[in-house]
Each structure stands twice: as C-alpha cells, then as structure tokens.
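Here the structure comes first, spelled out in structure tokens, and everything after it is commentary.
The values are calculated or read from the model by the stated rules, or taken from the named source; none is laboratory data. Keep in mind that this is a model prediction, so the values were computed, not measured. Cβ placement follows ideal geometry from the backbone for every residue including glycine, while neighbour counts extend to all protein chains displayed.
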Amino acid sequence: MDTYVSNQQNGQSRTGETGGPDWWGLVMRARTVLMLAFVVFVATDLLGLTSLVWSVVGWFAVGASALLLAYQSDIRERRAVASAQVNTAKTQELNGVGTSVLNLLPDAIVLVDGRGRILFQNEAAAQFTGRSAVGKLLGNTFREPSLLQAVERVRQGEEAQSFEIERSQPVERHFRVLVTPADTTPVALTAIAPNVISAPDAASVNGTGIAALLVLHDVTDAKRIEQMRVDFVANASHELKTPLASVSGFIETLQGPARDDEEARERFLAIMAEQTNRMKRLISDLLSLSRIELREHQPPKGTVDVRQLVKDVVDAVTPIAQRDGVAVSVALPDNLPKIRGDWDELHQVVLNLVDNAVKYGRTGKKVEITGELVSETEQTMVTLSVRDYGPGISRQHIPRLTERFYRIDAATSRERGGTGLGLAIVKHILNRHGGEMVVESDLGHGTKFTISLPSHK
C-alpha cells in the first residue's frame with residue numbers, strides 16, 4: 001500500500017495512508033498559526049477586550065481554518081507526489097522499452113558525445129566491437145580511419161556522412177555506415193541512454209561540440225548476392241560465347257576457303273551441330289534454373305512413386321550406359337513409400353545424378369542405385385543413393401560442387417556435354433522439396449551422392 005511521508009522529526013517519519021489524512025501531520029503543519037492565534041486571544045482576554053469564552057471560541061475557529069488549509073495543501077501535495085511517481089514510472093518504463101528496442105535491432109548503433117566519448121551502444125554494436133565500449137573514446141574502440149574521420153567531420157558541424165567499410169577478421173564482412181549529428185539536449189540524451197547517462201552527465205555534454213550517432217548496417221549478404229549475380233552473368237556469357245564463336249568461325253570458313261571442300265564441309269557441319277546442341281543444353285539449363293528459383297519457396301503439391309521414377313530414369317540412361325560399357329543396377333525396398341514432390345523436377349534430380357555417374361564414373365564400369373526408409377523424430381525420409389566406382393573427387397572440390405558453372409575439370413565436362421549447372425539445379429529442387437544432398441568420395445574408389453526427401457503422409 002502506498003504511503004506518504006508528511007513530516008520528519010528526530011530522524012523518524014510519520015506516515016499516513018494515501019486513503020486518509022494524517023491528522024498529526026496536519027496539526028504540525030498548522031502549529032505556527034495555532035500558536036499565534038493562542039497568543040493573540042490570551043492577550044485580548046487579559047486586556048479585557050474579550051471574554052474567555054469568546055477567546056476560546058475564536059481560537060478554535062482560527063484553528064479549524066488552519067487545519068482546513070493544511071488539509072487542502074496536504075491533498076494537493078499528495079496528488080503532486082502521486083502524479084510525479086506515475087510520470088517517473090512511465091518515463092522509466094518507456095526508456096526501458098526504448099533501450100530494449102535498440103538492443104533488438106540488427107544494426108549497430110553508437111552514440112558519441114562532443115568529446116569523442118561513447119555514451120551508448122546497443123548489443124549489435126557490442127558484438128561488432130567484441131566488448132562493451134561505453135565510456136571509452138571512440139578511437140580506442142573503432143580502428144577504421146574512414147569512420148573516425150567521418151565522426152570528426154560531423155562533430156565539426158558538417159552534414160551526415162554515408163560510406164562503406166570492410167572487416168576481414170574473423171570473417172569478411174561489409175557495412176554501410178551512417179554518421180549523423182545527434183540531439184545533445186539533456187532530455188534527448190537521457191532518453192537514448194537512460195541506464196548510462198545521468199541528467200548531470202547529459203547536461204555536461206552541451207557545449208562540448210556536436211554529438212554524433214553512428215549506425216552500421218551489415219550488407220555482407222547483399223554484397224555476396226550481387227557478386228554471385230555478376231559472376232553468373234559473366235559465366236553464362238562466356239559459356240554461350242565459346243560455342244557461338246566456334247559456329248561463327250566455321251561458317252566463315254565454309255563461306256570462304258572450304259566453300260568447295262565437301263569433306264571439310266561435312267566435318268565442320270558436324271562440329272557446328274555439336275556446338276549448337278551445347279548452346280541449346282546451356283539455354284535449357286539456364287531456363288530450368290530460373291524457373292526452379294522462382295518456385296523454390298512454393299512447396300510441391302503432388303506425390304511421386306520413387307520406384308517408378310527410378311525405373312524411368314534408368315530406361316533413359318541405358319543407351320548411354322551400354323555405349324560406355326557401364327552396368328546400372330537398382331536395389332530399392334518394396335515398402336518404399338511415395339514422397340511429396342513434383343514429378344518432372346524430381347525426375348531431373350535423379351537423371352542428373354545417374355547421368356553424371358555414368359559419364360564421369362564410367363571407368364569403374366558400374367553404377368549402383370539404392371534406397372532406404374529412414375525414420376526421424378518428426379518425419380520419415382526416403383533416401384536414394386547413386387554410387388559410381390570412377391576416379392572420385394578431391395575433398396576440396398566437394399563443398400563447391402553445387403555452385404553454378406563450377407567444374408572440377410572444365411575441358412572434360414564440356415567434352416561430355418556438361419553445362420556446369422546440373423548440380424546447382426539439383427540443389428535448388430531439393431530446397432523446394434525440403435530435401436538435402438550428401439556427397440561422399442574417395443579418390444580412386446568412386447563417389448556416392450545421397451539425397452533425402454520427406455515421405456508423403
């Protein structure tokens with residue numbers, strides 16, 4: 001229950017509940033008036049100006065008036081104190097909420113006073129610096145010259161500064177930095193950092209120069225995506241230019257020196273047809289990748305019979321496998337359930353894996369396709385493994401196999417009709433289907449690709 005301190009005497013407080021008056025406190029408030037009134041009325045009685053009865057009556061009347069005034073004053077003070085307490089509580093609550101919101105922001109926020117001292121930093125800024133830097137000079141915490149120069153220019157009265165900085169340790173990161181003048185009034189400063197800046201400290205900031213507010217926005221992902229886009233355009237252009245240049249060159253040859261050379265014409269036309277098919281495959285994969293990326297966040301609605309899917313893929317690659325002397329075997333359990341998915345997309349996944357195994361692992365003379373049912377905590381998964389017994393893949397290449405246009409051996413890949421997009425397409429299709437792929441390889445002993453997909457409930 002709330003209490004109000006009405007008076008202090010001999011180091012002790014007399015309190016009364018806010019619901020009723022503290023009469024002793026009121027008497028103590030009115031005692032001066034009561035004493036003066038008593039003296040006056042005693043004097044008038046002694047002088048014979050009034051009778052004793054009227055003196056007593058007058059004294060009580062003045063006392064009652066004094067008590068009434070004290071009571072009214074007490075009420076006003078109670079209300080003022082209560083209002084101040086409510087306002088203080090609300091201010092503290094709002095300041096606490098403001099600080100919590102700043103700490104939840106992903107951007108690093110730092111407030112610097114006119115002396116270059118850090119007044120406030122949110123949790124993202126503490127992670128950026130690796131420790132709390134409140135109370136320290138900015139130059140002792142931030143080592144980036146461009147950032148320090150921008151803060152100094154703002155503190156000298158220049159407009160807001162915007163630029164980028166890069167950090168290479170512990171990992172490469174890029175930040176867009178905004179340095180802007182900050183409000184240096186005590187109210188504004190204490191509102192920004194109520195747990196750090198006291199009112200006297202905030203008041204002392206005035207007159208020491210313009211405070212600066214730093215905001216550091218992490219643009220690492222945006223930079224990475226932009227670089228991927230640039231690399232993709234460059235690689236796609238290169239992959240298209242190479243066969244196009246070949247076709248263009250042979251056309252010029254056939255129109256010129258080899259115009260009447262029938263043997264050369266037949267040989268050149270065969271090469272031109274091969275290069276044209278290469279461009280067609282590349283364009284087809286590019287379009288396929290684009291379509292898959294557009295639908296990557298749309299879960300598939302159909303169901304797929306895995307056993308039938310594998311049978312169709314084996315039928316499609318059998319002519320190539322027989323030509324290269326590769327035996328393709330299949331071992332799938334009879335109880336393999338259907339899986340959620342798009343038939344065409346999953347057919348493309350399995351076809352790419354089996355086709356790669358036949359093309360790049362043909363020295364091993366066999367490819368094995370196996371499957372199993374794996375029960376996990378929340379989901380039953382269907383796994384398919386495609387294993388070849390070819391030369392294998394070096395460990396350093398495995399993490400990059402799903403990158404666009406990444407090839408272990410570019411010449412061999414082009415020779416065997418690869419576009420460098422097959423495994424990238426596989427990755428994006430699996431992402432859409434909630435699946436994953438694991439690659440295991442041992443140099444000289446072959447490679448195993450295993451995909452896992454959720455079963456249909």
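Screening ILE225 with (1) in contact with a strand residue (DSSP E or B) (Cβ under 9 Å, 6 or more places away or on another chain); (2) at pLDDT 70 or above gives one miss only, at (1).
Can you name the number of the only condition in (1) buried (at least 20 other Cβ atoms within 10 Å of the Cβ); (2) over 15 Å from MET437 (Cβ atoms) that ARG395 fails? Every condition holds for ARG395 apart from (1). For the structure I just gave you, tell me whether SER288 is out of contact with any His (no Cβ under 7 Å at 6 or more places or on another chain), surrounded by 13 or more Cβ atoms within 10 Å (Cβ to Cβ), in contact (Cβ under 8 Å) with a residue 40 or more places away in the chain and polar (S, T, N, Q). The answer is yes for SER288.
Taking region 329-370 as the range and being of a type outside the set (Ser, Thr, Tyr), closer than 17 Å to THR450 by Cβ and more than 37 Å from the chain's Cα centre (by Cα) as the test, the residues that pass are VAL330, ALA331, LEU332, PRO333, LEU336, VAL354, ASP355, ALA357, GLY361, VAL367, GLU368, ILE369. Among all positions in region 311-323, there is no residue which is modelled with pLDDT of 90 or more, surrounded by fewer than 15 Cβ atoms within 10 Å (Cβ to Cβ) and in contact with a Ser or Thr (Cβ under 7 Å, 6 or more places away or on another chain). Residues that are under 30 Å from GLU159 (Cα atoms), small (Gly, Ala, Ser) and outside any loop (DSSP other than H, G, I, E, B) occur in region 222-238; there is at least one. Kindly evaluate ASP312 against the criterion of being within 27 Å of ILE393 (Cα to Cα), acidic (Asp, Glu) and either outside the structural domain of HIS445 (by TED's automatic domain parsing) or in a helix (DSSP H, G or I) (or both). So ASP312 does not fit the description; no.
Filtered by the rule that a residue be surrounded by 16 or more Cβ atoms within 10 Å (Cβ to Cβ) and over 23 Å from the mean Cα position of the chain (by Cα), region 153-172 gives VAL154, ARG155, GLN161. Any residue at all in region 383-405 that is on the phi < 0 side of the Ramachandran plot, modelled with pLDDT under 85 and among the β-branched types (Val, Ile, Thr)? No, every residue in region 383-405 fails to be on the phi < 0 side of the Ramachandran plot, modelled with pLDDT under 85 and among the β-branched types (Val, Ile, Thr).
When VAL306 is tested against the conditions (1) of a type in the set (Val, Ile, Thr); (2) without any contact (Cβ under 8 Å) to a residue 60 or more places away in the chain; (3) under 21 Å from LEU373 (Cα atoms), the lone failure is (2). Only residues that are basic (Lys, Arg) and either under 20 Å from LEU286 (Cα atoms) or in the same structural domain as SER168 (by TED's automatic domain parsing) (or both) were counted across region 225-274, and they come to 2. If you check SER162, SER132 for being modelled with pLDDT under 80 and assigned by TED's automatic domain parsing to the domain that holds LEU214, only one passes: SER132. The residue that is surrounded by the most Cβ atoms within 10 Å (Cβ to Cβ), counting only those in region 103-133 that are in contact with a strand residue (DSSP E or B) (Cβ under 8 Å, 6 or more places away or on another chain) and assigned to a helix (DSSP H, G or I), is ALA125.
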